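To start, the structure itself, in structure tokens.
We did not get these values from a lab; they are worked out from the coordinates using the rules stated. The shown structure was predicted, so the numbers you read here are calculated from the model rather than taken from an experiment. Cβ coordinates were reconstructed from backbone atoms using ideal geometry, including for glycine residues, and neighbour counts include every protein chain displayed.
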Amino acid sequence: MGYFSAMHRVVALVRPVQSTFELGCAVEVFGTLRAEVPQHYEFEVCTETPGAVATSAGYSMSVPRDLSALEDADTVLIPGWTPVDTPLSEGVRHALLGAHARGARLVTICSGVFALASTGLLDGRSATTHWARAARLAREFPRVRVEPNRLYVDHGDVATSAGAGAGIDLCLHLVRKDHGVAHAALLARHMVMPHREGGQTQYVPNPPLGDELDGLLEWAGARLGSQLSVRELAAHLSVSPRTLARRFADQLGTSPGAWLLARRVAEARTLLEETDLPVEAIAARVGLATAVNLRRRFRTQVGTTPGAYRRAFRVS
């Protein structure tokens, strides 16, 4: 890890309709002066056609710089790209590829990955985006290895983040790489922001239980507190465990045991968000028996601890 000693120039490439939050993630980390935090970055915004750029908040912002601003950028940041099927103009493609060839780091937040993928720079590499767009990214760019469960993926020269909030996590990660753990922690404290690691899973909403498998999923979901087994699930449908496994694989793409564990963890997530129940009580309620077992399963499935999840996502 090598820290930058000179001012590091970050340039955000925006376009209409620009997400104010995704741009704001970059501004807060790289472009906001704080009296008690050393400033190591210069931050600027550019666009292909200088002038008024419409935003998702309903107002326009004035952007005077054109793509030439990318010519001496150390980091080029694309804070969203909507609609995601908007093709890259030759000017933008040339500017991004030129910046990368010169050694600039290319970073995307949320849908910005679609622009970066269009350059070919992600071919054969892993990347992430908002969970709701992951399937589309994989479909439209089959040479990109899409990792929908990651908050961010950093290859050094290119980096991508999941949904908008994960953009802050990625930006803080880059600060830590550039200027060390202590500086990144100081900045995060002043922002009053926790810093989540890139391997942590995205918090995808729990899907509703439907009537798949002749109502078995709803039946099992109502009995998570009991020690349900795969054999009991099969007996409820009057089929063999082997037949049940085949039906799960065909209809849900998973095994009965894996589905049951994922359902228990999903219910634990809901209880952590909506109740004050201690972890031990939640473990018993969702059929994981002990707090130790819940913590182990939760970290494997979600990528963090029940306590950290509750602190970050508790609904007040």
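Just to be sure I understand: of the beta bridges DSSP finds with both ends in the chain, what percent are antiparallel, rounded to 5? Spell out each step's value before the answer.
Values: 8 of 29 bridges.
Of all bridge pairs located within the chain, approximately 30 percent are antiparallel.
Sort the stretch 8-191 into rounded, prolate or oblate with this rule: let a ≥ b ≥ c be the square roots of the eigenvalues of the Cα gyration tensor; rounded if a/c is under 1.5, and if a/c is not under 1.5, prolate when a/b is larger than b/c, oblate otherwise.
Here the stretch 8-191 falls in the rounded category.
How far, in nm, would the chain grow between THR49 and SER255 when pulled straight, counting 0.36 nm per residue and subtracting the alpha carbon separation? Walk me through the numbers on the way to the answer.
Details: separation 206, 0.36 × 206 = 74.16 nm, distance 5.21 nm.
My answer for the length gained is 68.9 nm.
Work out the P(r) tail for the chain: percent of alpha carbon pairs separated by more than 33 Å, whole number.
Roughly 36 percent, once rounded to a whole number.
Give a residue-ordered list of calculated ³J(HN,Hα) values for the stretch 115-123 (Karplus: 6.51 cos²θ - 1.76 cosθ + 1.60, θ = phi - 60°; whole Hz; x for Gly, Pro).
The phi angles translate into 5, 5, 4, 5, 7, x, 6, 9, 4 Hz.
For the stretch 54-79 and the stretch 227-303, what is the centre-to-centre distance using only Cα atoms, to the nearest Å?
46 Å
Any idea what diffusion coefficient the stretch 220-294 gets from Stokes-Einstein, in µm²/s, Kirkwood Rh on alpha carbon pairs, 37 °C, 0.692 mPa s? Intermediate results must be reported in sequence, preceding the final value.
Working: Rh = 13.0 Å.
After rounding, the answer is 252 µm²/s.
Given charges of +1 on the Cβ of Lys and Arg and -1 on the Cβ of Asp and Glu, with all other atoms neutral, how large is the dipole of the chain about its Cα centre, in debye to the nearest 20?
Charge dipole of the chain: 1120 debye, to the nearest 20.
May I ask for the angle, rounded to the nearest 10°, between helix 90-102 and the longest principal axis of the chain, with both axes built from Cα atoms and the value confined to 0 to 90°?
90 degrees
With label points built 7 Å along Cα→Cβ from the Cα atoms of ASP85 and THR290, find their separation and express it in nm.
Modelled inter-label distance: 5.3 nm.
With a cut-off of 8 Å between alpha carbons and a minimum separation of six or more residues, what is the relative contact order of the chain in percent?
Numbers: 528 pairs, mean separation 39.0, N = 316.
Relative contact order of the chain: 12 percent.
Residues with amide H under 5 Å of VAL45's amide H, sequence separation 5 or more or different chain, H placed in the peptide plane at 1.01 Å from N; which?
Those lying under 5 Å, H to H, from VAL45 are ALA12.
What nm distance separates the two modelled labels at GLN227 and ARG102, each placed 7 Å from Cα along Cα→Cβ?
Each label point is offset 7 Å from its Cα along the Cβ direction, giving 6.6 nm.
Give me the percent relative contact order of the stretch 1-129, please, defined on Cα pairs under 8 angstrom at least 6 residues apart. Display every interim value, and only then the final one.
Values: 226 pairs, mean separation 33.3, N = 129.
Across the stretch 1-129, relative contact order equals 26 percent.
For THR305, project a label point 7 Å along Cα to C-beta. Then give me every residue of the stretch 269-285 with its amide nitrogen under 13 Å of that point.
The answer is 279, whose backbone nitrogens lie closer than 13 Å to the label point.
List, in order, the whole-Hz ³J(HN,Hα) value for each residue of the stretch 15-20 obtained from phi through the Karplus relation with A = 6.51, B = -1.76, C = 1.60 and θ = phi - 60°; use x for Gly and Pro.
Listing the rounded values in order: 8, x, 8, 7, 5, 5 Hz.
At 222 nm, what helix-only mean residue ellipticity would the chain give, in deg cm²/dmol to the nearest 500, using -39500 (n - 2.57) for each DSSP H run of four or more? Intermediate values should be presented prior to the final figure.
On the way: 13 runs with 132 residues, N = 316.
After summing the helix terms and dividing by the residues of the chain, the value is -12500 deg cm²/dmol.
Tell me, what is the percent relative contact order of the stretch 212-313, built from C-alpha pairs under 8 Å that lie six or more residues apart? Walk me through the numbers on the way to the answer.
On the way: 85 pairs, mean separation 24.5, N = 102.
The normalised contact order for the stretch 212-313 reaches 24 percent.
Measuring from a point 7 Å past the Cα of SER68 along Cα-to-C-beta, which residues in the stretch 99-130 have an amide N at less than 18 Å?
So the set is 99.
Tell me, what HN-Hα J-couplings in whole Hz come from the Karplus equation 6.51 cos²θ - 1.76 cosθ + 1.60 at θ = phi - 60° for each residue of the stretch 246-252, using x for Gly and Pro?
3J(HN,Hα) across the stretch 246-252, in whole Hz: 5, 5, 4, 5, 5, 9, 10.
What is the sum of charges, Lys and Arg at +1 and Asp and Glu at -1, for the other residues whose Cβ falls under 13 Å from the Cβ of HIS40? Please list the in-between numbers first.
Values: positive: ARG9, ARG34, ARG176, LYS177; negative: GLU42, ASP74, ASP178.
Residues close to HIS40 contribute a combined charge of +1.
Taking H as built 1.01 Å from N, whose amide H comes closer than 5 Å to the amide H of ALA159, not counting residues under 5 places away?
The answer is LEU106, VAL107, THR108.
To make sure I understand, if each residue's beta carbon is the centre and we count other beta carbons within 10 Å, what order do SER118, SER161, SER126, SER62 fall in, fewest to most? Show your work: numbers first, answer last.
Working: SER118 19, SER161 32, SER126 14, SER62 9.
Listed from fewest to most nearby Cβ atoms, that is SER62, SER126, SER118, SER161.
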